[in-house]
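What follows is a set of notes on a single structure, which appears directly below.
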Amino acid sequence: MATKYKELLCDDFAMNNECAYENLYEHLGCDIIGWDISGFHSFLCNSLQENYPNLRLNKYGLINEDYSVAEDIAMEIQGKGEPVEWIPVEILLCN
C-alpha cells in the first residue's frame, strides 16, 4: 500500500522539466509522516525510531536508507504513536 503513495504523489505534484524526478537530484533521506488536524508529524515526534535500534539517521534527521526501508517501517508502525496513517516520503533536493 505504501508504494502507491509515492506513485500518487509523483502524479499529483507534476514537476516541471527543470526539476523532474527522473532528472538529476540529490537524495537527502526518507521520513515517515502522518497528518492530523494541526499538521504533519514525523514518526520521530513519537520516538517510534526507538523500535529500530539499527536505523541510521543522517545529519538532517532523515532515515539514511532506501525508500523501501521507510515503506516497511511505515507499515509496521501503523496504529502506534499519533492516531494517523503513517506515510513514507523520500526527500529530494533538485540540482
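The values are calculated or read from the model by the stated rules, or taken from the named source; none is laboratory data. Predicted model only: the values in this text are computed from it and were never measured. Methodologically, a virtual Cβ is constructed for each residue, glycine included, from the backbone with ideal geometry; neighbour enumeration extends over all protein chains shown.
Looking at the range 58-95 only, could you name the residues that are on the phi > 0 side of the Ramachandran plot and either touching a residue at least 40 places away in the same chain (Cβ under 8 Å) or among the aliphatic types (A, V, I, L, M) (or both)? Outline the logic, then answer.
The initial filter retains those residues of the range 58-95 that are on the phi > 0 side of the Ramachandran plot, namely 61, 79, 81.
Listed by number, the list holds a single entry, G81.
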Take the residues of the range 58-95 that are of a type in the set (D, E, K, R) and within 16 Å of L48 (Cβ to Cβ): which is surrounded by the most Cβ atoms within 10 Å (Cβ to Cβ)? E71
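Taking only the range 28-57 into account, find how many residues are touching a residue at least 40 places away in the same chain (Cβ under 8 Å) and exposed (fewer than 14 other Cβ atoms within 10 Å of the Cβ). I'd like the intermediate steps shown before the answer.
Going residue by residue through the range 28-57, those that are touching a residue at least 40 places away in the same chain (Cβ under 8 Å) are 28-36, 41, 43.
Next, from what is left, pick out any that are exposed (fewer than 14 other Cβ atoms within 10 Å of the Cβ): 35-36.
Number satisfying all stated conditions: 2.
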Which one is modelled with the lowest pLDDT among residues in the range 1-47 that are within 13 Å of L62 (Cα to Cα) and among the aliphatic types (A, V, I, L, M)? L44
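Identify all residues within the range 48-69 that are in a loop (DSSP other than H, G, I, E, B), closer than 17 Å to G29 by Cα and out of contact with any strand residue (DSSP E or B) (no Cβ under 7 Å at 6 or more places or on another chain); write none if there are none.
So in the range 48-69, the residues in a loop (DSSP other than H, G, I, E, B) come out as 52-56, 58-62, 64-66.
Of the ones still in play, those that are also closer than 17 Å to G29 by Cα are 52, 54-56, 58-62, 64-66.
Selection gives Y52, N54, R56, K59, G61, D66.
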Anything in the range 70-95 that is in a strand (DSSP E or B) and within 14 Å of I33 (Cβ to Cβ)? List them, or say none. I87, P88, V89, E90, I91
